[in-house]
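Have a look at the structure below, then the notes.
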Amino acid sequence: MPDRIEFPKSIGFIGCGNMAGAMLSGWLDAGLPKDRVTIISPNSKTGPGDIAVERNWPEGRPLPEWLVLGVKPQKLAEVADWVRPLVRPDTVVMSILAGVTHGSLKARFPEAKAIVRVMPNMAVSIGKSVSTGYMPQGSDADIQAQTTALMEQLGQFYWLDSESDMHAATALAGSGPAFLFRFIDALSKGAEANGIAPEQARQMALAMVEGAAQLAAMSEFDPGTLADKVASPGGVTRAGLNVLDQDEALAQLLTETLRAATERDAEMAQEFS
Ligand SMILES: NC(=O)C1=CN([C@@H]2O[C@H](COP(=O)(O)OP(=O)(O)OC[C@H]3O[C@@H](n4cnc5c(N)ncnc54)[C@H](OP(=O)(O)O)[C@@H]3O)[C@@H](O)[C@H]2O)C=CC1
Ligand SMILES: O=C(O)[C@@H]1CCC=N1
């Protein structure tokens with residue numbers, strides 16, 4: 001467990017859907033008091049922790065120290081005009097938007113004390129994300145330290161030196177859960193095809209992935225070596241691995257998957273910045 005931290009005195013969320021909502025849930029679980037949080041979005045009535053969702057910044061409420069941008073990248077242009085007045089010289093803007101660059105955020109929110117980009121994944125809600133962050137060289141060290149402390153409440157956190165690395169990091173760590181969920185689903189369907197009842201196949205596939213991932217994380221051996229340790233010569237596992245390994249089928253598929261996602265993140269940097 002990370003150390004308990006001093007949370008900001010006030011945090012605003014512009015959009016608090018799947019991802020920003022999961023971050024907020026993680027922070028509430030880690031001790032963020034609800035009364036420090038303001039959520040603004042157009043349709044939802046309540047957010048995590050049953051916090052009321054506002055349509056605009058409530059009159060008379062002091063503007064937030066930290067403002068988390070949790071909308072889709074496509075919405076940034078639309079929200080930036082009314083969000084700009086909420087951003088003062090003592091506001092830190094944290095963006096979770098895929099692709100959208102630091103430079104473009106700076107141009108939209110020039111008053112901000114600092115702008116920090118982070119790329120979390122959905123496992124933030126259980127403190128198991130692997131997230132990355134980017135601020136330009138020479139950024140305020142205190143804000144970097146506060147960002148690290150906040151993000152470490154949600155799992156592992158790594159700073160990237162180069163913003164362009166955010167594309168590949170987003171593909172691996174941000175989108176990665178979706179790729180793994182597909183893999184688990186495919187395993188489960190494969191077991192069904194071999195006669196296991198659907199619900200049992202799903203539960204077994206999930207439990208197997210959880211156990212194997214924990215084992216790999218704790219092991220002195222790398223995952224490639226571990227795969228070979230499972231496979232007896234001429235045995236069951238080898239027959240299966242032969243399918244995955246033929247012409248490096250799985251390695252190629254995943255390389256292509258990550259390449260497509262990385263390229264899309266780079267495209268989005270152009271489209272929405
Ligand atoms: N999903 C993921 O795993 C990850 C997502 N991200 C990033 O997170 C961001 C959000 O994605 P995700 O959570 O999946 O999307 P969601 O659609 O779940 O959430 C989007 C949120 O934006 C709100 N919203 C829409 N229009 C406005 C507006 N005009 N003003 C204020 N709020 C608005 C929605 O409000 P309402 O509900 O009221 O309609 C909703 O709360 C994206 O930029 C994405 O790149 C990053 C890493 C992982
Ligand atoms: O799919 C997306 O664009 C976002 C970024 C990473 C996960 N979801």
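Read-outs throughout are calculated quantities, based only on the coordinates presented, and are distinct from any laboratory measurement. Quick caveat: nothing in here was measured; it's all calculated off a predicted structure. Please note: Cβ atoms are built from the backbone with ideal geometry, for glycine as well, and neighbour counts cover all protein chains shown.
So between THR225 and ALA107, what do we pick up on full extension, going 0.36 nm a residue minus the alpha carbon distance?
37.7 nm
Dipole size in debye (nearest 20) for the range 11-162 around its Cα centre, Lys and Arg Cβ +1, Asp and Glu Cβ -1?
360 debye
Can you give me the angle between helix 141-152 and the longest principal axis of the chain, using Cα atoms only, in degrees from 0 to 90, rounded to the nearest 10?
Between the helix axis and the principal axis of the chain, the angle is about 50 degrees.
Give the relative contact order (percent, whole number) for the chain; include only Cα pairs under 8 Å separated by 6+ residues.
This gives 17 percent for the chain.
For the range 5-156, just say rounded, prolate or oblate: build the C-alpha gyration tensor, square-root its eigenvalues into a ≥ b ≥ c, call rounded for a/c under 1.5, and beyond that prolate if a/b exceeds b/c, oblate if not.
rounded
If the chain between SER162 and VAL243 were fully stretched, how many nm would it gain, using 0.36 nm times the residue separation less the Cα-Cα distance?
Net length gain for the segment: 25.4 nm.
What FRET efficiency would be calculated for the residue pair GLU267, ASN43, taking the C-beta separation as r and a Förster radius of 22 Å, to the nearest 0.05?
Efficiency at R0 = 22 Å is approximately 0.20.
Compute the distance in nm between two label points, each set 7 Å from the Cα along the Cα-to-Cβ direction, one at VAL236 and one at LYS34.
Computed distance between label sites VAL236 and LYS34 equals 4.9 nm.
With 10 angstrom as the radius, rank SER219, SER273, SER162 by how many other C-beta atoms surround their C-beta, starting from the fewest.
Ordered by Cβ neighbours within 10 Å, fewest first: SER162, SER219, SER273.
Report the FRET efficiency, 1/(1 + (r/R0)^6), for LYS128 and GLU59, where r is their Cβ-Cβ distance and R0 is 41 Å, rounded to 0.05.
Taking R0 as 41 Å, the efficiency between LYS128 and GLU59 is 0.60.
Suppose every K and R has +1 on its Cβ and every D and E has -1 on its Cβ; what is the size of the dipole of the chain about the Cα centre, in Debye to the nearest 20?
740 debye
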